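Some notes on the structure that comes next.
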Amino acid sequence: MQVNPYLHYNGNCEAAFKFYEKAVGAKIEVLMTHESAPPEMPVPPEWKKKIMHGRVSIDGEVIMASDSPPGHFHQPQGFSVTLTVDDPADAEKKFKALSEGGAVNMAFAPTFFAKGFGMCVDQFGIPWMVISPKEM
């Protein structure tokens, strides 16, 4: 069994995935647009290029996503996508990249439980936590 987050974007899923490629070294595996849907699945013309299903991997871990249908997007809340990075310098670099153009909720810094930890919301509205854990 596998458990993966499925994120919903406000029409900018493809841009988010391309941002994650640069920010954290993600690999885009699937970007299926509504153009590939069968004709019996009507889609507004302006929505044909939007993402019906996407899949990205980050160091072997999978995140799936799509663009929410028009009028159905809700700002994400109540969760965070978490990156666990052993090297604190690399973790801080990834945190800074993810928070670029977004908002920092907790600056990346050492804590009692981690060599480094930070919380942000990226420019696409997705909440992230980046942690470089202490050895247990």
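The values are calculated or read from the model by the stated rules, or taken from the named source; none is laboratory data. Source: prediction; values computed, not measured. Positions of Cβ are backbone-derived with ideal geometry, glycine not excepted, and every protein chain shown enters the neighbour counts.
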Inset, instruction - Return the total of residues in the stretch 66-86 being within 15 Å of the chain's Cα centre (by Cα) and touching a residue at least 60 places away in the same chain (Cβ under 8 Å). - result: 5
Legend entry - Test: ILE63 is within 21 Å of ASP90 (Cα to Cα), without any contact (Cβ under 8 Å) to a residue 40 or more places away in the chain and under 12 Å from the mean Cα position of the chain (by Cα): no
Inset, instruction - Tell me, please, whether a residue that is among the aromatic types (Phe, Trp, Tyr) and in contact (Cβ under 8 Å) with a residue 60 or more places away in the chain can be found in the stretch 37-50. - result: no
Inset, instruction - Looking only at the stretch 94-128, count how many residues are surrounded by fewer than 17 Cβ atoms within 10 Å (Cβ to Cβ) and either farther than 14 Å from ALA16 by Cβ or hydroxyl-bearing (Ser, Thr, Tyr) (or both). - result: 11
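One line per residue, one yes/no per condition, for (1) at pLDDT 95 or above; (2) over 15 Å from CYS13 (Cβ atoms):
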position: LYS27; (1), (2): yes, yes
position: VAL30; (1), (2): yes, no
position: PRO42; (1), (2): no, yes
position: ARG55; (1), (2): yes, no
position: ASP67; (1), (2): yes, no
position: PHE79; (1), (2): yes, yes
position: GLU100; (1), (2): yes, yes
position: PHE124; (1), (2): yes, no
Inset, instruction - For GLY116, indicate whether it is over 18 Å from the mean Cα position of the chain (by Cα) and small (Gly, Ala, Ser). - result: yes
Legend entry - Residue among GLY60, GLY25, GLY11 that alone is on the phi > 0 side of the Ramachandran plot, surrounded by 14 or more Cβ atoms within 10 Å (Cβ to Cβ), not acidic (Asp, Glu) and not assigned by TED's automatic domain parsing to the domain that holds TRP128: GLY11
Inset, instruction - Go through the stretch 91-136 and give me each residue that's in contact with a Ser or Thr (Cβ under 8 Å, 6 or more places away or on another chain) and in contact (Cβ under 8 Å) with a residue 60 or more places away in the chain. - result: ASP122
